[in-house]
1. What do you reckon, is V210 in contact (Cβ under 8 Å) with a residue 40 or more places away in the chain and assigned by TED's automatic domain parsing to the domain that holds V15?
2. Looking at (1) over 19 Å from K215 (Cα atoms); (2) at pLDDT below 85, find the lone condition where I28 falls short.
3. Report whether or not E208 is in a loop (DSSP other than H, G, I, E, B) and in contact with a helix residue (DSSP H, G or I) (Cβ under 7 Å, 6 or more places away or on another chain).
4. Does L38 satisfy the condition of being assigned by TED's automatic domain parsing to the domain that holds L156, in a loop (DSSP other than H, G, I, E, B) and touching a residue at least 40 places away in the same chain (Cβ under 8 Å)?
5. Going by the structure shown, is E234 under 24 Å from A276 (Cα atoms) and either free of Cβ contacts under 8 Å to residues at least 12 places away in the same chain or not in a helix (DSSP H, G or I) (or both)?
6. Among T89, T98, T78, which is the only one that is surrounded by fewer than 14 Cβ atoms within 10 Å (Cβ to Cβ) and more than 30 Å from S218 (Cα to Cα)?
7. Are there strands (runs of 3 or more DSSP E) fully within segment 48-126 with at least 3 residues that are closer than 20 Å to V155 by Cβ? List them.
8. Could you tell me whether segment 26-33 includes any residue that is in the same structural domain as L132 (by TED's automatic domain parsing), surrounded by fewer than 16 Cβ atoms within 10 Å (Cβ to Cβ), polar (S, T, N, Q) and under 23 Å from the mean Cα position of the chain (by Cα)?
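The values are calculated or read from the model by the stated rules, or taken from the named source; none is laboratory data. Since we're looking at a predicted model, the values are computed, not measured. All Cβ positions, glycine included, derive from the backbone under ideal geometry; neighbour counts span all protein chains shown.
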Amino acid sequence: MKKGDISQINDLKLVHKEICAEISKAIIGQAFVIDQVLISLFCDGHALIIGVPGLAKTMLVNTIASILDLSFNRIQFTPDLMPADITGTEVIEEDLTTGKRSFRFVHGPIFANVILADEINRAPPKTQSALLQAMQEYQVTYAGHTYDLPRPFFVLATQNPIEQEGTYPLPEAQLDRFMFTINIDYPSSEEEVEIVKTTTSAYEAKLEKVISATKLKSLQRLIRKMPVADDVIERSIRLVGLTRPRQETSPGIVKKYVGWGAGPRASQYLILGAKAKAALDGRYSPSFDDIRYVAHPVMRHRILTNFAAEAEDIRSDDIVDELLKLV
């Protein structure tokens, strides 16, 4: 890395501290969840946050959007939401001078830097698919015309894991477009005391903008420039390969409980996430400990367990735990 890049790494560490300090004004606890969201943000990736109601999933996204100098739109997914409600639609306009009529594309709410896809699994598959091209190619195609989305472009989706009535599970193709699946758990007793004290008082958090779109894009490019040791890459690829039950080297737990393993995108996101974790800590190259740190959010939605796993209450996180012991 060049001297300027090393200086930017130090700058990124300071920016990370500033962002966390601003978030802590509104969000109590959940440091690990916040860290994972910020890693995906600096990797230019998308994140799916899963947790029961009342754990401040939506508030966390709103807070992050408030401290970033980026455009932000919230889309509340409902069963009657249509694809055009997300991407936009064409309207007929009449030129008052000539009397001629023409179509004009009106941008939908997806045309923003940060998108909150709230309760994403409540919309039917037809509507969910409206996000596929946007999340992968950063474009929207409508009526034969392709429109570029503003960059950076970041989708933060929330999902309720316990309510299944009136919901549509996300297909694997869409899940794979999320860099991280982040599980948000209940706060500790001490944190819950602080939450109750804060939210039942007259306290109002005053959030300040911390980083601009130009600065964010610069830091995202910086993370991709970071060097990675060949050993770290090889061990990461081996870890992902062990999740595939049809490979001879796969352990017994995978062959017994996994229907489909993770694809190459998991290897890419492991390395990219490890780079971001190292950079946020002020280090210039990631180690395999950084791979371990991001392994669960990267792989939990890419390992598809079978009926035997469901019958014995074996989750993908349990399988990742076992595989990390082998690598």
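1. Here the answer is yes, as V210 does meet what is asked.
2. (2)
3. The answer is yes for E208.
4. Taking the combined requirement at face value, the residue does not satisfy it.
5. yes
6. T98
7. 72-76, 114-118
8. Within segment 26-33, not a single residue is in the same structural domain as L132 (by TED's automatic domain parsing), surrounded by fewer than 16 Cβ atoms within 10 Å (Cβ to Cβ), polar (S, T, N, Q) and under 23 Å from the mean Cα position of the chain (by Cα).
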